[in-house]
Amino acid sequence: GVLPIALLLQRLPVAKALSALIFVWGVIVILTPTVNSYPGAVVQRFFLGLVESAVSPGFVLVSSMWYTRAELPLRLGIWYSATGLFTIFSGLINYGIGSASLTAPLAGWKYMYLFAGSVTLLWSAVLLLLLPDSPASSHRWFSEQERRILIGRMRGNLGGADSRRLKWAQVREAAGDWKVWLMGAMGAAIYVCNGGVTAFGSLIIKSFGYSSLRSIVLQTPGGATTCVAIYISGWLASRFPNIRCLLLALTCLPVMVGALVIWQASWSVPGVALFGYYLLPIFGAPYVLLLALASNNIGGGTKKACATGAVFIGYNVGNIIGPYLVNTAQAPEKYRTTWISIVVVMCFTVVASLILRIAWARENRRRDALPPPVRDEHEGTEKVGEQTGRTETDFDSADGIMHVEKDLTDWENTAFRYSL
């Protein structure tokens, strides 16, 4: 459901659509304890995944509407770091619920779903009340002059992030762009770590010699390493725009080190293995950088939705593959296949990020050698800002907000330059 929903969100008022989908998500989570059969669980998981698939593409779309290309990596990192914060707080909350439910009428896992669903419902209401659909429609929070400034500062972003037209030509262009496919494969490779290690985190930590409940608590520091890595890499990527591919490759290295430490260290000294385990969640940093590249380096509203959708499809594929790499029968061998697989997929991600950098740098040089675009006096097309060629037209008579761009793809606009 990721790609269809990503394209659908492009056509709808994104804040209202997101709040509605998150509300449905919360309802499904709250109703999970009522499921008492395998077919029911399959149906529940299907619809849960369907509505959940809208969240991350929707947040990327919102972020690209409000923040410039230079600002985007850090802003994506800030909201994506909630995955690390979730690990910290959910571990503590689940530990408390698990302890308290020993004498409660319901099983502990049911209370966990009731709590998570309630928080999700609350958040859907917050989004509905506070989040505008776009800078142009933010009348409640900003004056007309402030909205002009908000939209004007986005002229340096090429990409048609706020275009609500679904263009099949851009869908075909995305399907024919090998870099979109490669970014999707990178998303799958990175999230193999999540599907395997995070999903079985408590089981792996328990193998180090800890109790079941304590294993839940000991997952929380991994959330902190996720947040710190995302914040640092996001700040560096925003401060130095042309190191993003290199930074993506660099942030894969601690994940490989963590996998090798767990595999090779003696589990009789669990602190060493735990140290390696806490390096694994750093995979969130290269994933955020990949999202930033998919958003920054793809032009055209529909093509951008396809590219970010491809990354999120990869995210789901990685989560599907990951659990199959954790074989409990290999516990005496320290889950050897798991750690080798993580090293392999991280190596692939490093190589792929370098390939992208080389391809984009070569294309930038080719475009630099082209003659400058000629201004069209009738359409007002010219190079605006440091990165884009845009169309500046009249103010909208309804609210005084100007339309600032043609919905051109990165292939169509030769003034577009790729972040490296």
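What follows is calculated from the coordinates using simple rules that are stated; it is not laboratory data. These figures come from a predicted structure and were not determined experimentally. Virtual Cβ from ideal backbone geometry, glycine too; neighbours counted across all protein chains shown.
Which of the lysines could be linked to K406 by a straight reach, that is with a Cα gap under 21 Å, when you skip same-chain ones fewer than 8 residues away?
Cα-Cα hits under 21 Å: K167, K303, K304, K383.
Exposed loop sites here are trypsin sites (Lys or Arg not before Pro) in DSSP loop states with at most 16 other C-beta atoms within 10 Å. What is the longest stretch of the chain lacking them?
So the longest stretch without any such site is 166-374.
Expressed as an acute angle from 0 to 90° and rounded to the nearest 10, what is the orientation of the C-alpha long axis of helix 38-52 relative to the principal long axis of the chain?
Value to nearest ten degrees: 30.
For the range 184-195, what does the Karplus curve 6.51 cos²θ - 1.76 cosθ + 1.60, with θ = phi - 60°, yield as ³J(HN,Hα) per residue in whole Hz, taken in order and with x for Gly and Pro?
Listing the rounded values in order: x, 5, 5, x, 5, 4, 5, 8, 4, 4, 5, x Hz.
Specify whether the C-alpha gyration tensor of the range 214-260 places it in the rounded, prolate or oblate class, a ≥ b ≥ c being the square roots of the eigenvalues: rounded for a/c under 1.5, otherwise prolate if a/b is larger than b/c and oblate if not.
oblate
Cα axis of helix 336-368 to longest principal axis of the chain: angle in degrees, 0 to 90, nearest 10?
10
Would you work out which of F240, Y95, G58 lies farthest towards the positive end of the dipole of the chain? Charges go on Cβ: Lys and Arg +1, Asp and Glu -1.
My answer, from the dipole projection, is Y95.
Which of the chymotrypsin sites (Phe, Trp or Tyr not before Pro) found in the range 190-280 are in a DSSP loop and have at most 16 neighbouring Cβ atoms, other than their own, within 10 Å?
Y210, W267
With angles folded into 0 to 90 degrees, how steeply does helix 14-31 sit against the dominant principal axis of the chain? Use alpha carbons for both and round to 10.
10
Read through the labelled values [x] 36, 24, 21; [y] 40, 26, 17; [z] 62, 26, 17 and report the label of the one computed as semi-axes √(5λ) of the Cα gyration tensor in Å from the structure.
Correct label is [y].
In straight Cα distance, which lysines are under 25 Å from K110, not counting same-chain residues fewer than 8 positions off?
Reachable lysines: K206.
Report the charge-dipole magnitude of the range 1-130 in Debye, nearest 20, computed about the Cα centre from +1 at each Lys and Arg Cβ and -1 at each Asp and Glu Cβ.
Approximately 140 debye in magnitude.
What number comes out for the charge environment of V311, summing +1 per Lys or Arg and -1 per Asp or Glu over other residues with Cβ under 14 Å away?
Local charge sum for V311: +2.
List the residues of the range 37-66 whose backbone N lies under 17 Å from a point placed 7 Å from the Cα of A125 along the Cα-to-Cβ direction.
Within reach of a label on A125, which here means backbone N under 17 Å from a point 7 Å along Cα→Cβ, the range 37-66 contributes nothing.
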